[in-house]
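The values are calculated or read from the model by the stated rules, or taken from the named source; none is laboratory data. In this text, all values refer to a predicted model and were calculated from it rather than measured experimentally. Cβ: placed from backbone, ideal geometry, glycine included. Neighbour counts: every protein chain shown. Side chains are part of the model used for accessible areas, which takes the heavy atoms of the whole protein and leaves out ligands, DNA and RNA. Shrake-Rupley method; radii C 1.70, N 1.55, O 1.52, S 1.80 Å.
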Amino acid sequence: MIIAIDGPAGSGKGTITKLVADKLNLTNIDTGATYRAIAYAALKNNYNVADKDKIVDISKNSEISFDKDGNIYLNGENITKEIRTKEVSSIVSKISSIVELRENMVNIQRKMAQGKDVIMEGRDITTVVFPNADYKFYLDASIEERASRRYKQNKENNIDMSYDEILENIKARDYNDMHKEVGALMRTDDQIYVDTTDLTIEEVVDKIVNYIKGDE
Ligand code: DC
């Protein structure tokens, strides 16, 4: 079984997919984290966004994996915290726009799902990675709500960014995410659209679980 979830930054995808995965006993794959892993490696090697070939090479020569708790590893190094820094957040959208990189990442993501029941979240999962997924959801929320969620999340993780800084960052990422040449975030008629602005986390989880169980 494949459940595909797309949506913009701060729409709650990460939190929701983790909880749905626990409830339905699915493997949770956060594809944004895989792009962040590449961005982290690019920063570490002092590459900039224009070093496309070198960045594509990272995806060819690195091993990205998740453990059961959702920690992410790049060539065996646990980089779960490192991929959430301000520096990574500010370049990841541009990095993820590199077309050749996306081709490699889509293959890596499909391989991660092989032989498993998965819930996978990102921007192009319902359209490119698994267009024939069993269930396809698009999670959304107002931009102010998304910025305030990210602000709270950052505070909990001791990441120092002002609300305005986050709002600007999300606006820029929305634009990049929706205007990519390949793999752009988009709404389609066959996705189940869920506006989470005024819903609690539990309400969103129930909605998705009920839908999958056929109760809605
Ligand atoms: O979900 P996130 O914010 O951690 O994602 C980080 C970046 O990666 C985001 O700017 C968009 C990009 N991304 C993508 O292009 N395709 C995906 N399937 C997932 C994320």
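Among the trypsin sites (Lys or Arg not before Pro) within segment 175-209, which fall in a DSSP loop and have no more than 14 other Cβ atoms within 10 Å of their own Cβ? Show your work: numbers first, answer last.
Numbers: sites: Lys180, Arg187, Lys207; in loops: Lys180, Arg187.
The qualifying sites are Arg187.
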Item to check | Rough spin-label spacing in nm, given labels placed 7 Å along Cα→Cβ, for Ser162 and Asp195 | outcome: 3.1
Checklist entry - Within segment 1-130, what percent of beta bridges assigned by DSSP are antiparallel, to the nearest 5? => result 35
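If R0 is 25 Å, what FRET efficiency do you get for Asn107 and Tyr211 from their C-beta distance, rounded to 0.05? Could you put the intermediate results ahead of the total?
Working: r = 29 Å, r/R0 = 1.16.
Computed FRET efficiency for Asn107 and Tyr211: 0.30.
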Checklist outcome for this item: When the charge dipole of the chain is computed with +1 on Lys and Arg Cβ and -1 on Asp and Glu Cβ about the Cα centre, the Cα farthest towards its positive end, among Ala50, Thr85, Val106, belongs to Ala50
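Highest mean first, what order results for 59-66, 117-124, 138-145, 26-33 on Cβ atoms within 10 Å?
Values: 59-66: 14.6, 117-124: 24.9, 138-145: 18.4, 26-33: 20.0.
Those peptides, ordered most packed to least, come out 117-124, 26-33, 138-145, 59-66.
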Next on the checklist: Less than 21 Å apart at the alpha-carbon level, and either on another chain or at least 8 residues along: which lysines does that give for Lys94?
Outcome noted: Lys13, Lys44, Lys52, Lys54, Lys60, Lys81, Lys86, Lys171, Lys180
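Under a Cβ-only charge scheme (Lys and Arg +1, Asp and Glu -1), can you give me the dipole magnitude of the chain about the Cα centre, in debye to the nearest 20? Provide the component values of the computation, followed by the final result.
On the way: 30 positive and 38 negative charges, 110 e Å.
Using Cβ point charges on Lys, Arg, Asp and Glu, the chain gives about 520 debye.
Per-residue ellipticity at 222 nm for the chain, helices alone: DSSP H runs ≥ 4 residues times -39500 (n - 2.57), over residue total, nearest 500 deg cm²/dmol?
The helix contribution divided over the chain gives -15500 deg cm²/dmol.
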Next on the checklist: With a 1.4 Å probe and all protein chains left in place, how much accessible area per residue does segment 166-205 have, in Å²?
Outcome noted: 59
Item to check | Between segment 45-94 and segment 108-125, the Cα center-to-center distance that results, in Å | outcome: 17
